[in-house]
1. For segment 82-91, what are the residues that are part of a loop (DSSP other than H, G, I, E, B) and either surrounded by 12 or more Cβ atoms within 10 Å (Cβ to Cβ) or in contact with a strand residue (DSSP E or B) (Cβ under 9 Å, 6 or more places away or on another chain) (or both)?
2. Report yes if residue 35 is under 26 Å from residue 181 (Cβ atoms), in contact with a helix residue (DSSP H, G or I) (Cβ under 8 Å, 6 or more places away or on another chain) and in contact (Cβ under 8 Å) with a residue 40 or more places away in the chain, otherwise no.
3. In the set 3, 12, 64, 38, which member is buried (at least 16 other Cβ atoms within 10 Å of the Cβ) and within 22 Å of residue 145 (Cα to Cα)?
4. Only one of 15, 25 is farther than 23 Å from residue 140 by Cα and either in a helix (DSSP H, G or I) or more than 15 Å from the chain's Cα centre (by Cα) (or both); which?
5. Anything in segment 54-81 that is at pLDDT below 90, part of a helix (DSSP H, G or I) and out of contact with any strand residue (DSSP E or B) (no Cβ under 9 Å at 6 or more places or on another chain)? List them, or say none.
6. With the condition kept exactly as written, say whether any residue in segment 192-204 is farther than 17 Å from residue 118 by Cα, surrounded by 18 or more Cβ atoms within 10 Å (Cβ to Cβ) and in contact (Cβ under 8 Å) with a residue 24 or more places away in the chain.
7. Could you run through segment 166-178 and say how many residues are over 15 Å from residue 26 (Cα atoms) and surrounded by fewer than 17 Cβ atoms within 10 Å (Cβ to Cβ)?
């Protein structure tokens, strides 16, 4: 069994630019990646590939196989899948709330494809038992895309329902969930920069000066 993580560091997470500088965002995504890798290892997946643009700097402590590819997300992942005959877990790098118990549960599924939906119709995690003939289609409503592709191939589908696994950190309000529910180095990094602001509505982040 093998996991693959698409990862881009340069000018990452532009939607967080209202609360973080470019350098802070790049450091933040790196720490989220390290959290995801650590979670995979705790969940029993030791064979980990990171697909990243050639100019991307991935630190040595990531301890994973680095695959440099400058092509589109779908193109590089579909090329990757076409060369694999073992079950593959595709997991995004911005999921610091995922726990090793989620990973164990997902890969234990008997379904041909297990999918973790993300916010707004996205796909956070895909577990594909026979990847060589499967083709991903991210962007837009990728959750619906992947369910449709699986149905067309007559694959059994399991939708994995988890708040923590479905929470990717894209917007400033997502950092609130990290402060409330996180436990890794990405949370530690966020706690040095943000506090929680409570009011009549939802809890929000409050940047420190």
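The values are calculated or read from the model by the stated rules, or taken from the named source; none is laboratory data. All values derive from a computational prediction rather than experimental measurement. Ideal geometry is used to build each Cβ from the backbone, glycine not excepted, and the neighbour counts take in all protein chains shown.
1. Let us first name the residues in segment 82-91 that are part of a loop (DSSP other than H, G, I, E, B), namely 83-87.
The answer is 84, 86, 87.
2. On the way: under 26 Å from residue 181 (Cβ atoms): yes; in contact with a helix residue (DSSP H, G or I) (Cβ under 8 Å, 6 or more places away or on another chain): yes; in contact (Cβ under 8 Å) with a residue 40 or more places away in the chain: yes.
Yes.
3. Details: 12 fails: within 22 Å of residue 145 (Cα to Cα); 64 fails: within 22 Å of residue 145 (Cα to Cα); 38 fails: within 22 Å of residue 145 (Cα to Cα).
Being buried (at least 16 other Cβ atoms within 10 Å of the Cβ) and within 22 Å of residue 145 (Cα to Cα) holds for just one of 3, 12, 64, 38, which is 3.
4. Values: 15 fails: farther than 23 Å from residue 140 by Cα.
Residue meeting the stated conditions: 25.
5. In the first step, residues of segment 54-81 are kept if they are at pLDDT below 90; the result is 54-64.
Adding the requirement that they be part of a helix (DSSP H, G or I) leaves 60-62.
Residues satisfying the conditions are 60, 61.
6. If we filter segment 192-204 for residues that are farther than 17 Å from residue 118 by Cα, which is where we start, we get 192-204.
Among the residues that remain, those that are also surrounded by 18 or more Cβ atoms within 10 Å (Cβ to Cβ) are: 194.
So of that shortlist, the ones also in contact (Cβ under 8 Å) with a residue 24 or more places away in the chain come out as 194.
Within segment 192-204, one or more residues are farther than 17 Å from residue 118 by Cα, surrounded by 18 or more Cβ atoms within 10 Å (Cβ to Cβ) and in contact (Cβ under 8 Å) with a residue 24 or more places away in the chain.
7. 1
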